[in-house]
Each structure stands twice: as C-alpha cells, then as structure tokens.
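Working notes, structure below.
Each value in this text was obtained by applying a stated rule to the coordinates, not by laboratory testing. Just so you know, these numbers come straight off a predicted model, no measurement behind them. Here the Cβ positions follow ideal geometry from the backbone for every residue, glycine too, while neighbour counts run over all protein chains shown.
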Amino acid sequence: MKRLIAGNWKMNLGPAEASLLVQRLDKAIKIPKVEVVLCPPFVDLYPIRHEIDRKKFKLGAQNLHPADSGAFTGEVSGPMLKGLVDYVIVGHSERRAMGETDKLVSEKVAAAVRNGLTPILCVGEDLQDRHANLTNKVVTDQLEAALQHLTADEVGEIVVAYEPVWAIGVGTPATPDQIQPVITKIRKTIEELYGEAATADLRVLYGASVKPDFVGTIMSLDGVDGLLVGGSSLNYAEFAEIVDRASA
Ligand code: PGA
C-alpha cells in the first residue's frame with residue numbers, strides 16, 4: 001500500500017496558472033516513492049490531464065454531485081469525472097461549513113464509489129467540539145454516516161483524511177499527541193463497523209497546516225499513511241519538499 005500525498009488547491013489557479021504549477025512540480029519532483037494526487041479546481045482538470053506525467057501524478061477533484069446527471073445547474077457529476085480523475089475529495093470542512101450535511105456527504109461518497117472514483121473522505125472536529133471533549137464522537141459520527149451506503153470491500157478501498165478544522169490554514173498543525181488518538185480511533189471504528197479486512201488496505205491521512213518541517217513527525221505516527229496538503233500545495237518548492245520527505 002503506497003503512501004499518499006494529496007494537494008488540495010481549493011479555489012486557486014485557473015488553467016494557465018495551473019499549467020505553470022504543474023510544469024514546476026514536474027521539474028522539482030523526481031519519480032516519487034509515494035502516490036502524489038493533485039486536486040485542482042474543476043476547470044483545470046481537463047487541460048492538466050494532458051500535461052501531467054502520469055508516472056508521477058494522479059488527479060483528484062474537490063467535490064462531486066450525488067446524482068449522475070440531471071437538472072442541477074453548476075454541478076459536476078461522477079460520470080463526468082470518470083476517466084479524468086482517480087480521486088475525489090468529499091466532505092471537506094469548508095464544504096460542510098457551506099451546509100453540506102452528513103447525509104449529503106454519504107450520498108457523494110456512494111456516487112464516487114459507484115463511478116469508480118476513490119473518495120478522500122474528510123472528517124474532523126472544530127475547536128468547540130475539541131474543547132467539549134467531543135472529538136472522538138464527532139469523528140466517529142461523521143465516519144459512520146458517510147460510509148453507510150458502502151460494503152466492507154468498498155470501505156477498504158477509500159481514503160479517510162483526518163482534518164482537525166481548527167488547525168486548517170493556521171500555519172501550525174495539530175500536535176502528535178492530538179493526532180495519534182484520532183487516527184487510532186478512526187481505524188478502530190472502521191474495524192468495528194466493517195471488520196478487520198476493511199482496515200488492511202485503508203489509507204488514513206492527516207491534513208491541516210502541513211508544512212515540510214512537520215512531515216517526518218506526522219508520517220511516523222502509527223496508522224498515518226499520508227497527508228492532505230492545502231496552502232503548501234500551491235507552492236511548488238514546499239510541495240516537492242513534502243513529497244520528498246514523505247518518501248524517506
Ligand atoms: P491547509 O489546508 O494545509 O492550508 O491547512 C488543508 C485542507 O484544508 O485540506
């Protein structure tokens with residue numbers, strides 16, 4: 001099972017800028033020992049698809065609609081993404097903050113799997129939850145809800161990203177003491193719900209304020225199989241350094 005480093009570009013860079021970043025990443029990253037997934041905005045996916053070295057990079061989308069087609073103005077569906085990306089981020093806290101419910105997240109996870117895409121399911125508590133000692137409850141509730149339409153085999157192939165909401169975009173990640181128990185809890189919850197086999201190939205990532213300096217420490221935590229990188233994925237030198245350190 002390869003470690004996975006995913007870059008979530010969020011709502012940044014149009015096609016021309018995206019192309020430039022891909023060229024710089026291509027120069028800075030030699031054939032990586034980890035799987036590297038770039039998640040640009042939808043409009044960049046098609047042009048970038050033809051520019052990336054597929055031995056180095058895979059693509060992911062940042063969202064999808066739960067339905068396969070229909071009268072949903074402005075939305076993008078699983079069948080449209082099929083063949084264009086391998087991964088799709090689902091349930092990012094920035095989307096949950098816009099009103100995406102656990103139910104909707106579960107339908108999007110199902111839509112991704114139905115269309116042969118690997119969901120990168122984001123779960124994580126906000127500061128209020130953490131202060132109220134509700135971290136484990138929030139994360140397990142989000143997991144249980146999001147995975148409800150999947151079989152054990154399907155669960156075993158998804159990616160879960162633990163993203164403490166309060167640490168996103170602030171420049172300092174959660175500490176190992178804060179990360180480790182939640183990663184363990186995520187694996188244990190999935191094992192209890194879907195059996196041991198479901199966790200054998202399951203990859204669990206950490207995300208929130210990942211910078212090169214923290215990579216070694218976070219990647220050495222038990223059960224952490226990779227990173228979901230936001231801000232630093234827009235800086236080719238930093239992202240290349242993160243990939244490099246994660247390969248060590
Ligand atoms: P950040 O974002 O690395 O900028 O904190 C992470 C994320 O939101 O996935």
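Can you list the residues, at least 5 places off or on another chain, whose amide H is less than 5 Å from the amide H of Leu59, using H built in the peptide plane?
HN-HN under 5 Å from Leu59: Leu38, Asp86, Tyr87.
Which residue fluctuates most in the GNM of the chain (Cα springs below 10 Å): Val88, Val229, Val138?
It is Val138.
Between exposed GluC sites (Glu not before Pro) in the chain, where DSSP calls loop and at most 16 other Cβ atoms lie within 10 Å, what's the longest gap?
Longest site-free region, per DSSP loop and neighbour criteria: 76-156.
Using a simple spin-label model with points 7 Å from Cα along the Cα→Cβ vector, what separation in nm is obtained for Ala132 and Glu196?
3.7
Quick query: amide H of Ala161 versus all other amide H atoms, modeled in the peptide plane; which residues come in under 5 Å with a sequence gap of 5 or more or a different chain?
Leu121, Cys122, Val123, Leu205
Which residue, Val90, Val123, Val76, has the most motion in a Gaussian network model of the chain that connects Cα atoms within less than 10 Å?
Largest GNM mean-square fluctuation: Val76.
Report, ordered by chain and residue number, the lysines lying within cross-link reach of Lys56, taken as a straight Cα distance under 25 Å and ignoring same-chain residues fewer than 8 apart.
Once the sequence-local lysines are set aside, what remains near Lys56 is Lys2, Lys10, Lys27, Lys30, Lys33, Lys82, Lys211.
What full-extension length gain, to one decimal in nm, is calculated for Thr172 and Phe42 as 0.36 nm per residue of separation minus the Cα-Cα distance?
44.0 nm
Quick check on the chain: helices-only [θ] at 222 nm, where DSSP H runs of length 4 and up contribute -39,500 (n - 2.57) each and the sum goes over total residues. Nearest 500, please. Walk me through the intermediate numbers first.
On the way: 12 runs with 107 residues, N = 248.
Taken over the chain, the calculation gives -12000 deg cm²/dmol.
Size of the dipole of the chain about the Cα centre, Lys and Arg at +1 and Asp and Glu at -1 on the beta carbon, nothing else charged, in debye to 20?
620
So what is the relative contact order of the chain, in percent, for Cα pairs below 8 Å that sit 6 or more residues apart?
Details: 477 pairs, mean separation 52.9, N = 248.
In percent, rounded to a whole number, it is 21.
Can you list residues from other chains, or at least 5 along the same chain, whose modelled amide H is less than 5 Å from the amide H of Glu35?
Answer set, sorted by chain and number: Arg3, Leu4, Ile5.
Going by how many other beta carbons lie within 10 Å of each one, how would you line up Thr175, Thr118, fewest first?
Details: Thr175 12, Thr118 19.
Going from least to most buried by this count: Thr175, Thr118.
Would you give the gap between the C-alpha center of the stretch 57-126 and the C-alpha center of the stretch 1-55, rounded to a whole Å?
The two parts, judged by their Cα centres, are 18 Å apart.
Mind listing the phi-derived Karplus ³J(HN,Hα) values for the stretch 8-18, rounded to whole Hz, using 6.51, -1.76 and 1.60 with θ = phi - 60°, and x for any glycine or proline?
9, 6, 6, 8, 9, 6, x, x, 5, 5, 5
As an exercise, use a Förster radius of 35 Å and the Cβ-Cβ distance of Arg54 and Asp222 to find the FRET efficiency, rounded to the nearest 0.05.
Efficiency for this residue pair is about 0.65.
For the stretch 123-131, take each phi angle, set θ = phi - 60°, evaluate the Karplus expression 6.51 cos²θ - 1.76 cosθ + 1.60, and give the result in whole Hz per residue in order, putting x for glycine and proline.
Values, residue by residue: 10, x, 9, 8, 5, 4, 4, 5, 5 Hz.
Which whole-Hz couplings ³J(HN,Hα) result when phi for each residue of the stretch 178-195 is put into the Karplus expression 6.51 cos²θ - 1.76 cosθ + 1.60, θ = phi - 60°, listed in order with x for Gly and Pro?
Once θ is set to phi - 60°, the couplings for the stretch 178-195 become 7, 7, 3, x, 6, 4, 4, 5, 4, 5, 5, 4, 5, 5, 5, 7, 10, x Hz.
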